[in-house]
Amino acid sequence: MEPKAESSSAKTIIDQLRNGDIDAVKAQLDPKYLSPDIDGKLRSVASTFPDNPPESVKTVGAYTTHFSKFGSHEQSVVFNLTYEYEFRDTWVVANVMLKRQGGKLMLEGLRAKRLAGPLEASNAFTFKDKSVTHWLMFALLIADVLLCVYAFVLCLRTPIARRKWLWALFTLVGVTTLHFDWSSGKFSFQPLSVQLLSGSAVAQVYGPLVLGLSIPLGAVWFLIVRRRLIAASKPPPLPDVPA
């Protein structure tokens, strides 16, 4: 998935920045970003890197996005590339954004951040030094999944006259999703969302684990109307026949 030519250009830009060749970096920058304080901004990013050469460089993110204008043949491609640089005493994550348009490759963005350890360690799933919020979100995720499984099994064992299989599937459905980033502890909310088992745990390669909690609508609704469904499935009593 890594675009080889663009990745090579991105690493060259980072090396130029580390070596203090600000003019070489500016020459590849999109002209719209050439502000009067651009030299200071680039030097600030360069100061993130230690003076000694890196011991290893690892690609930890590579995303390619294609754009085209409506009613026009003009197209552009944006490359979002992220690398992890390991130095003797620290790690640096560098992000480079490039845009190819009209056959020309331009620098659109450049960021760098020091880390105390590798991304694998900082984004590892662990309860060490985690807050009460982490424990609560994990417990709610397990509770959501168990409630859906319980309602599903109970539905299969419940006498329902019509559309039993639809009710069974409905017990597994959760709506809206609250996302929780395990590494940063930040929340985000997705109001239009549907999840099976009302919970999820997703992690990108080298990225943080993100928990997703949904309202177990199907399970709760079934448990509320279960008695009514049982009553509706019973045959009507036979009328009394006089002797």
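Placing pseudo-labels 7 Å out from each Cα toward the beta carbon at S183 and F67 gives an inter-label distance of 2.6 nm. The mean sequence separation of alpha-carbon pairs under 8 Å and at least six residues apart, normalised by the residue count of segment 32-94, gives a relative contact order of 31 percent. Per residue, the solvent-accessible area of segment 147-225 (1.4 Å probe, heavy atoms of protein chains only, all protein chains present) comes to 57 Å². Computed per residue of the chain from DSSP H runs no shorter than four, each worth -39500 (n - 2.57), the mean residue ellipticity at 222 nm is -10500 deg cm²/dmol. With a threshold of 28 Å on the Cα-Cα distance, the over-threshold entries among K32/K186; K4/K69; K4/K113; K4/K26; K164/K186; K41/K130 are K32/K186; K164/K186; K41/K130. Considering only S200, Y150, P54, and ranking their Cα positions along the charge dipole of the chain that arises from unit charges at the beta-carbon of Lys, Arg, Asp and Glu, the one farthest toward the positive end is Y150. Measure off 7 Å from each Cα along the Cα-to-Cβ vector at K32 and V194, then give the distance between these two points in nanometres to one decimal. My value for the distance between the label points is 3.8 nm.
For segment 170-232, the list of trypsin sites (Lys or Arg not before Pro) that fall in a loop by DSSP and count at most 12 other C-beta atoms within 10 angstrom reads K186.
Here segment 1-125 has 52 percent of its accessible surface on carbon and sulfur atoms, given a 1.4 Å probe and all protein chains in place. Here L156 sits with roughly 90 square angstrom of accessible surface, probe radius 1.4 Å. Once whole DSSP H runs in the chain are found, which of them have Cα atoms spread over 15 Å or more along the helix axis and a mean Kyte-Doolittle score of at least 0.0? Sorted by number, the helices that extend far enough and score high enough are 132-156, 217-233. Here S8 and K104 are evaluated by their C-beta separation; at R0 = 22 Å the FRET efficiency comes out at 0.85. Computed from the C-beta positions of T90 and Y150 and an R0 of 41 Å, the FRET efficiency is 0.25 to the nearest 0.05. Averaging the Cα positions of each part gives two centres, and for segment 76-103 and segment 130-191 these lie 37 Å apart. Mean silhouette area of segment 94-194, derived from the convex hull of its C-alpha atoms and averaged over all directions, reads 11.9 nm².
Placing +1 on the Cβ of every Lys and Arg and -1 on the Cβ of every Asp and Glu, with no other charges, gives segment 123-241 a dipole of roughly 440 debye about its Cα centre. Mean projection of the Cα convex hull over all viewing directions, computed for segment 49-96: 4.1 nm².
Semi-axis lengths, largest first, of the ellipsoid equivalent to the chain are 56, 23, 13 Å, with √(5λ) applied to each eigenvalue of the Cα gyration tensor. Shown is the FRET efficiency for A116 and R163, computed with R0 = 51 Å from the Cβ-Cβ distance and rounded to the nearest 0.05: 0.40. If you take the square roots of the eigenvalues of the alpha-carbon gyration tensor of segment 1-144 and sort them as a ≥ b ≥ c, do you get rounded (a/c under 1.5), prolate (a/b over b/c) or oblate? Verdict is oblate for segment 1-144. A simple spin-label model places the labels of D51 and V132 4.8 nm from each other, with each point 7 Å out along Cα-to-Cβ.
The values are calculated or read from the model by the stated rules, or taken from the named source; none is laboratory data. Since the model is a prediction, treat every value here as computed from it, not as a measurement. With ideal geometry, Cβ positions are generated from the backbone for all residues, glycine too; neighbour counts draw on all protein chains shown. Heavy atoms of the whole protein, side chains included, go into the accessibility calculation; ligands, DNA and RNA do not. Shrake-Rupley method; radii C 1.70, N 1.55, O 1.52, S 1.80 Å.
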